[in-house]
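J.: There's a structure below that I have some questions on.
Just so you know, all these numbers are worked out from the coordinates, no wet-lab data involved. Because the structure is predicted, anything quoted here is derived from the model rather than measured. Quick reminder, even Gly has a Cβ in these numbers, built from the backbone with ideal geometry, and neighbours come from all protein chains shown.
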Amino acid sequence: MDSNQKLRKQVKDEFMNYLTLRKHRRTPERFAILDHIYSSTKGHFDMDSLYKSMIESNFRVSRATLYNTIDLLLDCGLVVKHQFGANVSKYERKYGNENHDHIICTVCGTVWEAKNEAFFTSVQQKKIKKFTVHYYSMYIYGICSKCSHAKKMELRKLKKADK
């Protein structure tokens with residue numbers, strides 16, 4: 001069994017326990033959505049891209065089932081929700097992801113992941129008393145080089161037009 005299969009079994013077992021303890025139905029659709037997230041999606045996804053991806057994989061699921069299942073996955077800690085400034089929520093799987101930071105361009109909305117251990121080291125984590133860190137994420141907002149260059153070019157054009 002490879003590491004991806006072990007991870008998928010682990011999250012399936014955790015989801016099964018969560019549903020059982022809370023007396024939710026253990027439907028095939030819920031487990032198919034979980035498995036799809038942990039086997040097919042890399043990085044961030046939104047609900048529309050997840051829906052389309054499942055349809056392309058020949059798995060028919062209603063949007064209501066998708067939204068309800070995501071709520072359950074968020075509650076049991078298998079998925080993380082991000083709001084990067086746009087009106088669309090982004091999600092990513094929690095297990096199997098290393099801690100990382102998010103660099104967000106405030107102009108075009110592009111999001112990059114950056115793995116930088118220097119921001120929040122294990123020594124810093126130990127200094128937080130009476131608190132166990134399971135996961136963290138940092139958001140860094142700014143303007144990417146592409147948008148910055150486009151803005152400079154626009155300013156040059158405006159200056160030339162004024163002359």
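J.: Can you compute the charge dipole magnitude of segment 1-97 about its Cα centre, using +1 on each Lys and Arg Cβ and -1 on each Asp and Glu Cβ, nothing else charged? Give it in debye, rounded to the nearest 20.
T.: Details: 17 positive and 11 negative charges, 48 e Å.
Roughly 220 debye, rounded to the nearest 20.
J.: Write down the radius of gyration of the chain and its Dmax, each obtained from C-alpha positions, in Å.
T.: 20.2, 72
J.: Also, I was wondering about something else. Return the calculated 222 nm mean residue ellipticity for the chain, to the nearest 500 deg cm²/dmol, obtained by summing -39500 (n - 2.57) across DSSP H runs with n ≥ 4 and dividing by the residue count.
T.: Numbers: 6 runs with 78 residues, N = 163.
Helices in the chain give a 222 nm mean residue ellipticity of -15000 deg cm²/dmol.
J.: For segment 1-97, what is the relative contact order in percent, using Cα pairs closer than 8 Å and at least 6 residues apart in sequence?
T.: On the way: 81 pairs, mean separation 28.0, N = 97.
Worked out over segment 1-97, it gives 29 percent.
J.: Round to the nearest 0.05 the FRET efficiency obtained for Lys130 and Lys6 when R0 = 30 Å and r is the Cβ-Cβ distance.
T.: Numbers: r = 32 Å, r/R0 = 1.07.
The computed FRET efficiency comes out at 0.40.
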